[in-house]
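Below: one structure, written as structure tokens.
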Amino acid sequence: MSEVKTNVPVLRLENITMQFGGVVAINNLSLEVNQGEIVALIGPNGAGKTTAFNCVTGVYEPTNGIVEFHGKPIVVNHPQGKMIKQYGGINGDLYKDRKPVVHTPDKITHMGIARTFQNIRLFKSQTAFENVLIGTHLRRTSNFLTATFRLNMKEEKAMRDKAMNLLEIVGLADVANELATSLPYGKQRRLEIARALATDPTLLLLDEPAAGMNPQETDELGEFIVDIKNKFNLTVFMIEHHMNLVMDISDRIYVLDFGKQIAEGTPEEIQKNPVVIAAYLGVDEE
Amino acid sequence: MKKGNKRLIISLVFVALLYAAGCLIEHTAGTKSMVVTVLQKGAVYALIAVSMNLLNGFTGLFSLGQAGFMLVGAYSYAILTIPMAKRAAVYQYYNGGWVQFTIGVIPALLVAGIVAALFAALIGMPVLRLKGDYLAIATLGFAEIIRAIVQWDTIGPLTNGSNLLKTYPTLKNIMPGNTVLFTFIVVGVCIGLILLLINSTYGRAFKAIRDDEVAAEAMGINLFRHKQMAFVISSFFAGIGGALLAMYQGSLQANSFKSSMTYEILLIVVIGGMGSVSGSIMASFLFIACSEWWLRFLDAETVLGNFKVPLLAPGFRMVVFSVVIMVVVLFFRKGIMGDRELWELGSRRGAKGGRK
């Protein structure tokens, strides 16, 4: 679909297990997202897709496994303390000699992973423009004093220009001064993506970007995702339920069921895969 | 850009007019008049309310420690400015006290803010990991502890224990006849700085944290650092506000910084509107005018002819206040201004606070 694809992994999950108490939400998940790809993560409800996102973005600390971003480990963990006894996954002692690495979500965003949320989380008292503007805050060079005394005018102007520019690219320039939450649903989704782009990511995680959209909006969104991916030289990793969208724009697909990866491949392969059909597409008629 | 400049000029002219009016009132009505008292105390409370609003309204941290930080500021100011000649008399039970130097009023105000900010930085570290009600309880507890510690006999040579601190420079004797102008200038500069901060990129980050912590963190905003920053800055200005309150009162005792003082300020913030600086300012003048002046009659037993008006007795004012709070919280939850500012009312963005 695009020309910048390579086989250089941007994001790599290695044997990630996430266990909440006795519940193993993700069991030994390994996957790779390569430079320039659009990779989809699909699976029935409760399969652990969003949990996987949360492990990558630092919201959760996985119980076991490694997450690498551009070849650098950003999360390393192994079962510790009472989790050693409780551990229900496999490969529990694979990393026991590695020093755990944990980062807070803001640190991960600094490194270049931006995300959107399954249930839209815009800053509700702010305008569309301000929402995007907040996304530029993390690359600031000013401290609170230089910002208060307006010694950062140049940077401030650059931030504003960048935010406005992003709004133009996502086609929301005309509603820049509207309250974010007063926008129609589809525009809110786009705004969330614009806000994520404002953090200068190299990897964009989209958590069900088409949730609640009608078929036409979904088609437009697909084009939009491919468009911004090329424009900003991004790699996209997304969770999605709309199969049309997934099959249209993804380069590769991972299928998750009950926390385990059950299949991996191109859209064509996944569509034919009997395991996937059994677990996901075929069994319950809708 | 041009439109923004125009609005800025109008605002500045408006503020200048307010200052002139304050001056004029003091010169015609005299420093001892009720209206001047209201202007002085109202301005001081305005600063404290805005500092609390920075934390509660703009950053979404429900903190009730304001009285504690005011107390720290007030004591820092008083301890550092009592004239050398009078220290022996003030610290008569503690052999003249430990501090044996005096600094100027303005440096002392700054130190008051800085000491309060240092306390905030220290307390913020454990406390800011709490959320919502827990944070409120922890900060409230801190304020009470500070009040107790200040009255502790062992550090009496510093704080004069539970005795009064007095004879430090007050509003009345540093700029005689222009007390309102002095208060307005100090408060104006402080509120101006807070406004600049709120409208900077850091202020936007604060509002983002208030609106949605999870999303703010996903946008790369370090929650703890920004909360700590808001907490420390808010306390800095609360410290200065406390020092101004000490200057207004003329004498200082830890016992007057009770938690009820925090609630008064919280009431002002809520009435003015959480997230509105101009709302807090208006509400504080309104509140002080009511409590010091207009509603005083509620506390006085009144006899009209042969008829003794029922209910009017000392303490009834507080009953009325409580009812006002309930009415505000039940029916005017957004306060006077909501989260808008006075100067935003005419503009398009001004519509953002209103519900449709």
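The values are calculated or read from the model by the stated rules, or taken from the named source; none is laboratory data. Note that the structure is a prediction, hence the values are computed from the model and not measured. Virtual Cβ from ideal backbone geometry, glycine too; neighbours counted across all protein chains shown.
Tabulated data
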| quantity | calculated |
| --- | --- |
| Filter pass, B:T159 being surrounded by 18 or more Cβ atoms within 10 Å (Cβ to Cβ) and either away from chain A (no Cβ under 12 Å) or touching a Gly at 6+ places or on another chain (Cβ under 8 Å) (or both) | yes |
| Residue in the range B:69-77 that is surrounded by fewer than 24 Cβ atoms within 10 Å (Cβ to Cβ) and over 14 Å from the mean Cα position of the chain (by Cα) present | no |
| Selection within the range B:217-227 - aliphatic (A, V, I, L, M) and either more than 12 Å from chain A (Cβ to nearest Cβ) or assigned to a helix (DSSP H, G or I) (or both) | B:A218, B:L223 |
| Matching option when the condition is part of a loop (DSSP other than H, G, I, E, B) and crowded, with 24+ Cβ neighbours inside 10 Å, among B:G279, B:G275, B:G242 | B:G275 |
| Residue count, the range A:159-184 (criterion: without any contact (Cβ under 8 Å) to a residue 40 or more places away in the chain, away from every other protein chain (no Cβ under 14 Å) and assigned to a helix (DSSP H, G or I)) | 4 |
| Selected residue [over 16 Å from the mean Cα position of the chain (by Cα) and acidic (D, E)] from A:E68, A:E14 | A:E14 |
| Hits in the range B:183-227 (condition: touching a residue at least 40 places away in the same chain (Cβ under 8 Å) and either in contact with an Asp or Glu (Cβ under 7 Å, 6 or more places away or on another chain) or among the hydroxyl-bearing types (S, T, Y) (or both)) | B:T183 |
| Selection status of A:P184, touching a helix residue (DSSP H, G or I) at 6+ places or on another chain (Cβ under 7 Å), at pLDDT below 95 and of a type outside the set (F, W, Y) | no |
| Meets criteria (away from every other protein chain (no Cβ under 11 Å), buried (at least 20 other Cβ atoms within 10 Å of the Cβ), within 30 Å of A:E61 (Cα to Cα) and not acidic (D, E)) for A:L206 | yes |
| Residues located in the range A:206-239, provided they are among the β-branched types (V, I, T) and either at positive phi or in a helix (DSSP H, G or I) (or both) | A:T218, A:I225, A:V226, A:I228 |
| Looking only at the range B:51-99, and only at residues there that are farther than 21 Å from B:P169 by Cβ and part of a loop (DSSP other than H, G, I, E, B), the one that is modelled with the lowest pLDDT | B:N95 |
| Filter pass, B:T102 being hydroxyl-bearing (S, T, Y) and crowded, with 23+ Cβ neighbours inside 10 Å | no |
| Those helices (runs of 4 or more DSSP H) lying entirely in the range A:69-158 with at least 3 residues under 30 Å from A:A176 (Cα atoms), in contact with a Phe, Trp or Tyr (Cβ under 9 Å, 6 or more places away or on another chain) and within 11 Å of another protein chain (Cβ to nearest Cβ) | A:128-135, A:144-148 |
| Qualifying positions in the range B:294-308 - surrounded by 12 or more Cβ atoms within 10 Å (Cβ to Cβ) and basic (K, R) | B:R296 |
| Residue within the range B:330-348 that is surrounded by 18 or more Cβ atoms within 10 Å (Cβ to Cβ), at pLDDT below 80 and either assigned to a helix (DSSP H, G or I) or among the small types (G, A, S) (or both) present | yes |
| Residue among B:A238, B:A230, B:A243 that is more than 8 Å from chain A (Cβ to nearest Cβ), more than 14 Å from the chain's Cα centre (by Cα), under 22 Å from B:F69 (Cβ atoms) and in contact (Cβ under 8 Å) with a residue 12 or more places away in the chain | B:A230 |
| A:P62 vs. criteria more than 14 Å from chain B (Cβ to nearest Cβ) and either assigned to a helix (DSSP H, G or I) or under 24 Å from A:V255 (Cα atoms) (or both) | yes |
| Matching residues in the range B:175-216 - criterion: being in a helix (DSSP H, G or I), facing chain A (nearest Cβ under 7 Å) and closer than 25 Å to A:T141 by Cβ | B:L193, B:L196, B:L197, B:T201, B:Y202, B:R204, B:A205, B:K207, B:A208, B:D211, B:A215 |
| Hey, B:M261 within 14 Å of chain A (Cβ to nearest Cβ), under 17 Å from B:A116 (Cβ atoms) and surrounded by fewer than 23 Cβ atoms within 10 Å (Cβ to Cβ) or not | no |
